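For reference, the structure is listed below as structure tokens.
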Amino acid sequence: MRDTCSDPLKCALWAASLVAFISMALNNDSHHDLESFCISGSPSMLTEGWLNLRLYYSSMDFAVFTGAVGLMLVAMMLPALQGPLAHLWHQSRPYHRAPAVAAFLLGYFGVWLAGSALLLMIALLLVSFTGSPLAAGLLALIGAGGWQLCAFRARCLVRCHRPASVANPLAKGALHGVWCYATCWPLMLIAFCLPSVHLPVMIAGAIIIAYERRDRQRSSA
């Protein structure tokens, strides 16, 4: 905690994350639409799943989706951006710093928003096929455990801790978002599968991400 507060950027990112968590706690129904896909088992479960998915996306308010997922990303992922943002800030000229940071965040969150749309699709299908958000969440948790032990995930995590070699801030943010997404996508999938408890799931995810970042920093020191 003392180390966090001694760094103004890190403190600001954690404060923004806390504000996002509080906002979701005060309005904890962001993903209750998922519960409408909790169907009972039937021979046509696969067909019903795809029909439900098409119906959901045809009627979904993308502005609401962007706002809700954006808030989730700020809460979970923003503290993990302290390293790349500090690197970008120091590498940019003083009058280019604010636009560079804005472009980086746009690229980063753009990748995550697109990836989250895919994860939401997978979550809806899992809930439809299993007939239960709990069963879908359990499958996602098992998948997350397997992905945690995957060698490719370890390589993605290493790349996630390295500043991207590209010069353009938008491309830098997008590339960092790709590696970060490849590392952490199971955490978002579990949150989508369990809408009634997505907030505790996200808090646990944020703790895991923060621990991995700190552990990587210690091993690199």
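The values are calculated or read from the model by the stated rules, or taken from the named source; none is laboratory data. Note that the structure is a prediction, hence the values are computed from the model and not measured. Note that each Cβ is placed from the backbone with ideal geometry, even for glycine, and that neighbours are counted across all protein chains shown.
Kindly provide the set of residues from region 151-180 that are of a type in the set (Gly, Ala, Ser) and out of contact with any helix residue (DSSP H, G or I) (no Cβ under 6 Å at 6 or more places or on another chain), ordered by number.
Ala151, Ala154, Ser165, Ala167, Ala171
Consider Leu105 carefully, then state whether it is more than 25 Å from Ala210 (Cβ to Cβ), aliphatic (A, V, I, L, M) and either crowded, with 18+ Cβ neighbours inside 10 Å or touching a Leu at 6+ places or on another chain (Cβ under 7 Å) (or both).
No.
Taking Ile190 and the conditions (1) surrounded by fewer than 22 Cβ atoms within 10 Å (Cβ to Cβ); (2) modelled with pLDDT of 85 or more, which numbered condition does it fall short on, given that it satisfies the others?
All conditions are met except number (1).
Here are Leu113, Leu118, Leu88, Leu139: which of them is in a helix (DSSP H, G or I) and touching a residue at least 60 places away in the same chain (Cβ under 8 Å)?
Result: Leu88 is the single residue among Leu113, Leu118, Leu88, Leu139 that is in a helix (DSSP H, G or I) and touching a residue at least 60 places away in the same chain (Cβ under 8 Å).
When you scan region 109-132, how many residues do you find that are farther than 18 Å from Ala63 by Cα and surrounded by 22 or more Cβ atoms within 10 Å (Cβ to Cβ)?
5
When you check Val69 against the structure, is it buried (at least 16 other Cβ atoms within 10 Å of the Cβ), under 30 Å from Ala171 (Cβ atoms) and modelled with pLDDT of 70 or more, yes or no?
Yes: the conditions hold for Val69.
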